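Note sheet for the following structure.
Coordinate-derived values only; no laboratory data. These numbers were taken from a predicted model, which means no experiment stands behind them. Reconstructed Cβ throughout: ideal geometry from the backbone, glycine too, with neighbour counts over all protein chains shown.
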Amino acid sequence: MNWWETDFVSVRDNRLIIAGRDATALAERYGTPLYVYGKDRILDRYGRLDDAFTRYSALPGRISYAMKANPHMGILRLLQRRGAWIDAVSPCEVETALKAGFPAERILFTGTSVSRADLRFLFGVEGLTINIDAPEQLDLMSEVRNGFPGRAIRVSVRWNSGIGRGFNPKAITAGKRSSDGTPIKFGVEPRKVVDVFARARKLGFQPVGLHQHIGSGWVREDYGMVLTAVDRMIRKAREIEKAGFRLEFLDFGGGFGPRYLKSRGLFPVEDYIAYISRAVAKAGLSVKALVIEPGKFMVSDAGVLLLGVEYVKESYGNLFACVDGGTFNTVPRPAIYVSAHHEIVNASRVDGPHKARLTVAGNLCETGDVFGRERLMPLPQSGDVLAVLLAGAYCRSMASHYNLRPIPREVLI
Ligand code: LLP
């Protein structure tokens, strides 16, 4: 069995099978490039988290899907019916979640650089909770609030504990600076948090929660540091409660990833939920619910991108599998983040004796437009189908029309 095989992608007769269907038949039926998502796999991911809360937590666990990972309407409806909550980061995401049937009470809006126009929209959505990213955001909220007299507005505070963790400097969202030196824009500094709660209450808002999101793409190796961030959050929650606020929820954000690379360990998500549950119980907080905001975990490995091979090119000794899609239009992660890896499989002949080292090159006018560099795989023939794995999260949602190429069709099976 290959390390990347799951109940969603597997191999039969040397061909790739996606959710029980032959990948090349899917490519033929719907055309390439094509995103294929699996309902059962997404529900399985949800179930794992839900079961862990049931097993380890005395408090209800809210699984708040970070819809920025993949806002496909079918996926949203599926998770809505299953009881998920939503992490939304723009007014349009809030609107889309409402359209998918999520009640406003199950949506937490976490913005950054939040505008007056954003706030006017958000205040109009009754029942929504707004996560405050900056003390300065409260000034704008107080100004815009005048247009909404008598409306109870629930707020929480996103704080920045000083610890961040992510697979790439661009995906570390807490701390003073990221690992490449970029100042980190998110959250409220520890020493300012209690004051933001006090001011929010004074201004007539209802402060109900504390939130953090420290980064994205954690693997096993990140576990220790992530737990330290959890400990800090719980200490801060105690301080807030001591200052006279009752917290309804603690939201630990998302970040735990699937395994994109064979060499990385899997983040122990059940242990993580058990740890949070124990630590909150021990701290004796009055909190009524625990929240996590998975994006990658929910959908990454429930999605595949299928590409058609047009021809194999040789130049200066380099071999290229030239495919019918471009990274920016389909799976932009490797072109944006040097450290983002997506396994690529020849769906038409998964294994074989004539292996070659090929760079999988897209159809855009840009050297960086490669899905994978010098990957070992059976030499493709024109008409073969290549599958880019773990393409369910942050692929379609970050795809653009660069070079005026279309964004592929999506099927949820
Ligand atoms: N909560 C908040 C407030 C977030 O900003 C994010 C992701 C999540 C939850 C979900 O994180 P996840 O469980 O998916 O790691 N474009 C990057 C990822 C950026 C994530 C941004 N925030 C990528 O392609 O890896």
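Given R0 = 51 Å, the distance between the Cβ atoms of HIS354 and GLU270 translates into a calculated FRET efficiency of 0.75.
I'd like the orientation of helix 269-283 relative to the chain: the angle between its Cα long axis and the longest Cα principal axis, in ° from 0 to 90, rounded to 10. Relative to the chain, helix 269-283 is tipped by roughly 10 degrees.
In order along segment 293-303, the phi-based Karplus estimate (6.51 cos²θ - 1.76 cosθ + 1.60, θ = phi - 60°) of 3J(HN,Hα) comes to 10, x, x, 3, 4, 6, 10, 3, 8, 9, x Hz; Gly and Pro are listed as x. Using a cutoff of 8 angstrom between alpha carbon atoms and counting only pairs six or more residues apart, the relative contact order for the chain works out to 20 percent. Taking amide H as placed 1.01 Å from N in the peptide plane, the amide H of GLY162 sits under 5 Å from that of GLY175, each at least 5 places away or on another chain.
An oblate overall shape is assigned to segment 359-413, the ratio a/c of its alpha-carbon gyration tensor axes (a ≥ b ≥ c) being 1.5 or greater and a/b not exceeding b/c. Whole-Hz Karplus values for segment 170-181 come out as 6, 10, 9, 10, 9, x, 7, 9, 6, 5, 9, x Hz, taken residue by residue from phi with 6.51 cos²θ - 1.76 cosθ + 1.60 and θ = phi - 60°; glycine and proline positions read x. A protection proxy built from the mean count of other Cβ atoms within 10 Å ranks the segments 253-262, 74-83, 399-408, most packed first, as 253-262, 74-83, 399-408.
In segment 110-294, the DSSP beta bridges split such that about 10 percent are antiparallel, to the nearest 5. Stokes-Einstein, applied to the Kirkwood radius of the chain over Cα pairs at a viscosity of 0.692 mPa s and 37 °C, places its translational diffusion at 147 µm² s⁻¹. In plain terms, the chain from SER142 to MET225 could stretch by 26.3 nm, reckoned as 0.36 nm per residue minus the Cα-Cα distance. Here the 3J(HN,Hα) profile of segment 391-407, calculated from phi with Karplus coefficients 6.51, -1.76 and 1.60 at θ = phi - 60°, is 9, x, 10, 6, 10, 4, 5, 10, 6, 10, 8, 3, 6, 6, 8, x, 8 Hz, Gly and Pro shown as x. For segment 110-294, the fraction of C-alpha pairs farther apart than 23 angstrom is 43 percent.
Per-residue ellipticity at 222 nm computed for the chain from its helices equals -8500 deg cm²/dmol, with DSSP H segments shorter than 4 residues left out and the rest contributing -39,500 (n - 2.57).
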